[in-house]
Structures are given as C-alpha cells and as structure tokens.
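So the structure is just underneath, and the comments pick up after that.
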Amino acid sequence: MEIKKVALNDLHERLGGKMVPFAGYNMPVRYSSDIEEHKAVRNSVGVFDVSHMGEFILEGPNALDLIQRVTSNDASKLVDGQAQYSYFPNEDGGVVDDLLVYRFSEAKYMLVVNASNIEKDWNWVSKFNTEGVDMKNVSDSYSLFAVQGPKATEVLQKLTTVNLSEIKYYNFVVGPFAGVEHVIISATGYTGAGGFEIYLHNDHAEAVWNQIFEAGAAFDIKPIGLGARDTLRMEMGYCLYGNDITDETSPLAAGLGWVTKFTKEFTNSAALQQQKEAGVTTKLVAFKMIEKGIPRSHYELLDSSENTIGEVTSGTMSPSLGYGIGLGYVTKENSKIGTEILVAVRKHKLKAEVIKLPFYK
C-alpha cells in the first residue's frame, strides 16, 4: 500500500520530525521527546499537524436525514456553528468509526473521520445515500492543525479578529485567520488542555503554520508528534478507534451510551436498544497501576484470584502523573470503581485499580 503524505510532510522532515507510517500516512511521531512535547501542551502550547484526518462535506435538503440514519447521536439538536461527537454503528453490533459532525447550515454539514477509515467510512455513508445528498470527500485538499494548551487562545488571538474566548467547547466559527479568508476555527480538542483546531486549504498550510509559530514564539511553542498526542488523550481517557473501539466492540460496552440516542431510528438501533435493556456483559474501564509497570495494548487483565477477565486496549506511562494508566474491557462484575485488578505485564501480575475518568484533572 502506498503511504500518503500530508501537505507539510517536507516541513516536518526539516523540523527533525521522526516520520513513521500511521493510518496510511507518513506522520511525525515526535520531534524532540514524547515527554517534553506532552509537557509543552499541558503547560504552554503545541501544534499537531493532524491533516491525515478525513473530511466529508454533505449538502442538500436530505443531508440531515442521511446523518441521522448513519450516526448514533441526534444531529437534529445541532445549531449552526455547533459540532457533535458521534459514531457510525455497523449492522453487527460494532462500530464503523467514531466521528465529529459539524453543522454549517440546515443543508450543509461536515463529517470528520479517522484517517485509517476514510475509504471505509465514505463507502459506508454512500451506501445509505439513497436520497441524492451531495457528498464530497475533501480529505486530500484540507490541512488540519490542532493548536493545544493553556496558552493556545492567547497565541491564536493575534492571528484573527474572531473573538476566540467566545467559542464554546464543541462550537466553531468560519472566519479570517492568519490572512486567509475562510478558515474553520473549532474548539473540539483531543488533549484536555484547551485550544483550537484550524481547518484550511492545503494551499495556505505552510504560511499559516509559520504564522502560528511566530505568534507563539514568546511561549516557546513546539511542534508535537503522535507520541504525545497518544499520552495526552490517554490522560483524559478519550477512546482511540482501532484500540478501544473497533468493528467488533459494542458501543454500549465502550461507554458510548451518552451519544446513542434512541429517540430516532438509525443503523442497528433496534439491536442496540435490546442490548441496552438486557445490559452489557463487559465494560471498558479506566485503571491506574498500583504497582510499578506500564500496561500495553493486548496485555491480559485478571481478577484478584488471577482469573482472566479481559484485556488492555490502550495503556501508557502518564507523563503528568508519573504512573502507568490504561483502558481495557473487563467483565461487568469487575468494572466497579475501586475494584482491584491485575495486569499481566510479561511474567508479572501487577496490581491496578479501576478508577473514574479522567486520569488527569
């Protein structure tokens, strides 16, 4: 499979980014060190180039009907300038992908999907497009920068007349930014550190990137790689598609009941409603290591009597907290907050405790 490149691929190489194949793209995993980059975002400001993400524009009088049919959340509740977290249920009880739905107007929406699923998602939505909704896959022509951290607003405000402090979480504005007329400025971060996502045409990507770095020089702004993106989202307990949610995982077991709205009919909604009434047998839980060790994806999880109860889906050493943290599916009996479980780290069975999210407050 040919590895794709984001518009600023050469810039990242010049900045010393360690490039790795990720979700079909050549992406910077780190520039300096994961810990240094993680701390830059938590304490000041950093910029992720996440242009590998997919964007679909849906337009027409039936656009909302199509979104309602294929997504779990209730998109009819959106107003212009609002975004919503949702997922595409498949027909077998699992999840095609998780996504963001942006409403520009009554007849125009944008779906933002995971890079690894662009083609799969496009085919999935197209399959249900029986009412002539105009669909455009603009993934290859748009760049996306996530400017995250407590100083992000101060840095970005220098580049726009839009009052950024007025953009609430999960809202967005289309306005002038860094000399470009129509830029989407969105507050839908994936780090828990505050900040904005900037969607813009590839033609403007390098000039805008450079202006963001000039504006942030006083705050020691840094480019941030995928390594720190993972530890930052882990500290918040945000799910990652392919790890914590997959084609096989139940969205209800994954804790996505809050974005599953049975007030409307959607793909597989009847079966999910039945599952909700019957109750799930496994649950995605967050746990912190009591004993020293780092939980990794696919490590076995055991109860206190050493019976297997599930496995780790995501895990890391938390740079902010200084101990191992993880997410994993366990049997319902072992999912209560405060339950002590064991993580099989190589030959050792190490103690951990089920806790309430987020890990980092």
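The values are calculated or read from the model by the stated rules, or taken from the named source; none is laboratory data. It should be emphasised that the depicted structure is a prediction, and the values quoted were computed from it without experimental measurement. Cβ placement follows ideal geometry from the backbone for every residue including glycine, while neighbour counts extend to all protein chains displayed.
Data overview
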read-out: The one condition in (1) in contact (Cβ under 8 Å) with a residue 12 or more places away in the chain; (2) outside the structural domain of Asp230 (by TED's automatic domain parsing); (3) over 30 Å from Pro150 (Cβ atoms) that Asn26 fails to fulfil; value: (2)
read-out: Segment 244-258, subset touching a residue at least 40 places away in the same chain (Cβ under 8 Å) and closer than 14 Å to Thr281 by Cα, residue surrounded by the most Cβ atoms within 10 Å (Cβ to Cβ); value: Pro251
read-out: Segment 132-191 - residue that is buried (at least 18 other Cβ atoms within 10 Å of the Cβ), small (Gly, Ala, Ser) and part of a strand (DSSP E or B) and, of those, farthest from the chain's Cα centre (by Cα); value: Ser143
read-out: Residue check for Lys5: out of contact with any helix residue (DSSP H, G or I) (no Cβ under 8 Å at 6 or more places or on another chain), farther than 23 Å from Thr188 by Cβ and of a type in the set (Lys, Arg); value: yes
read-out: Filter pass, Asp74 being over 29 Å from Asn202 (Cα atoms) and either without any contact (Cβ under 8 Å) to a residue 24 or more places away in the chain or crowded, with 17+ Cβ neighbours inside 10 Å (or both); value: yes
read-out: Residue in segment 39-54 that is in a helix (DSSP H, G or I) and β-branched (Val, Ile, Thr) present; value: yes
read-out: Positions within segment 214-229 being assigned to a helix (DSSP H, G or I), over 16 Å from Gly17 (Cα atoms) and in contact (Cβ under 8 Å) with a residue 40 or more places away in the chain, in sequence order; value: Ala215, Phe219
read-out: Any hit, segment 71-78, residues being polar (S, T, N, Q) and either in contact with a helix residue (DSSP H, G or I) (Cβ under 6 Å, 6 or more places away or on another chain) or on the phi > 0 side of the Ramachandran plot (or both); value: yes
read-out: Residues of segment 312-348 that turn out to be part of a strand (DSSP E or B) and either β-branched (Val, Ile, Thr) or crowded, with 18+ Cβ neighbours inside 10 Å (or both), as a count; value: 19
